[in-house]
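The values are calculated or read from the model by the stated rules, or taken from the named source; none is laboratory data. In this text, all values refer to a predicted model and were calculated from it rather than measured experimentally. Reconstructed Cβ throughout: ideal geometry from the backbone, glycine too, with neighbour counts over all protein chains shown. Only protein heavy atoms, including side chains, enter the accessible area calculation; ligands, DNA and RNA are left aside. Shrake-Rupley method; radii C 1.70, N 1.55, O 1.52, S 1.80 Å.
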Amino acid sequence: MLTFVFVCLSISVTGLDASFIVNVGDPLIKVKENVGVDLKCTYTADFGGTPRVEWKFKDLKGSQSLIYFDNKPTAQYAGRITLYNGGMRFDKVTRADTGDYDCEVSGNGGYGEKTIKLTVLVPPTKPVSRIPSSVTTGSNVLLTCFDNVGSPPPTYKWYKDKIPLPDDPSKFPGFKNLTYKMNAFNGNLEFPSVSKLDTGSYFCEASNGEGAPQRGDAVQMEVRDLNVGGIVAGVIVALLAVGLLLFGLWFANKKGYLPKMAESKPKSQAVYTQPRAVDGDDGDGEFKQKSSFVV
């Protein structure tokens, strides 16, 4: 009894309050696109008062927004949701509604929340793939495949000559000589060092369990040896062209076809010469009056 009284006094002195106990009917909900869905949220508390219920949403990219605030839906959800005692209902969901929904209950210093993860199911569409048509042996080659519509995000599978490629070729005798790396989650098929054995027709397939799997277009990928002879021939032709150009310039210059550069002449330097002395000058270089002018 004394312990209970001590705890109650401690709560009163420190300002700590009891929290709401929030419950949700199903924390993981999956529903098809364009149908309605209910998100259940109930609460209990050991103190009185009218609590405030708010709903928040966080999409797959991590962006957060308010759904229900100040006893009314926010602008972007007005006309789409209905709040009732014990939950919230979407009249119709779209693929953009996939994400986490937080039900927050607060009031009289108490607080509680629970999260519901909603996945709107959307079949994949025809994936976009990038497959090179010609590559050289020994090079690093990357094939990509992507579908941005399917929800949940689809997984990917690759085919060569209409035969599915295993995730790990080393575990299968018929593929042990192949050295590719496949990522089923991002759709990449990488050849760190492609060989002629990798020549073939490739296409990818996207699936997420909703609707039929979707396949991309098949593309024939040819693996060719590096044309060393062609490279050497190209270098020789380039060297010959440079040689002919230099010879032409030399020959034209020898025959005088090219304009000659103007020869530079040395600049003349000014030399100071002392003027000759006038007869009768006493040689001191200054003009002196020899006689007076008498009127």
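The table below gives the values:
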| quantity | calculated |
| --- | --- |
| Rounded accessible area of Phe172 (nearest 10 Å², 1.4 Å probe) | 100 Å² |
| Cα Rg, Dmax, the range 110-185, angstrom units | 18.6, 67 |
| Segment Trp250-Thr50, extension gain: residue separation times 0.36 nm, minus the distance between their alpha carbons | 62.0 nm |
| Cα-based radius of gyration of the range 150-199 once divided by 2.2 N^0.38 Å, which approximates compact folds | 1.21 |
| Net +/- balance of residues flanking Leu165 in space, Cβ distance below 13 Å, scoring K and R +1, D and E -1 | 0 |
| FRET efficiency, 1/(1 + (r/R0)^6) with R0 41 Å, evaluated for Thr125 and Lys72 via beta carbons | 0.65 |
| Value of Rg/Rh across the range 87-234 [Cα atoms, Kirkwood radius] | 1.22 |
| q = 0.14 Å⁻¹: log10 I(q)/I(0) that the Debye formula gives for the range 18-146, counting C-alpha atoms only | -0.67 |
| Packing-based order for 20-27, 119-126, 218-225, using average beta carbon neighbours within 10 Å, highest first | 119-126, 20-27, 218-225 |
| Relative packing of 248-254, 207-213, 97-103, which averages over residues the other C-beta atoms within 10 Å, highest first | 97-103, 207-213, 248-254 |
| Dipole magnitude (debye, nearest 20) for the range 78-212, charges at Cβ of Lys, Arg, Asp, Glu | 420 debye |
| Projected label distance in nm at Ala241 and Ser193, using a 7 Å step from Cα toward the beta-carbon | 3.4 nm |
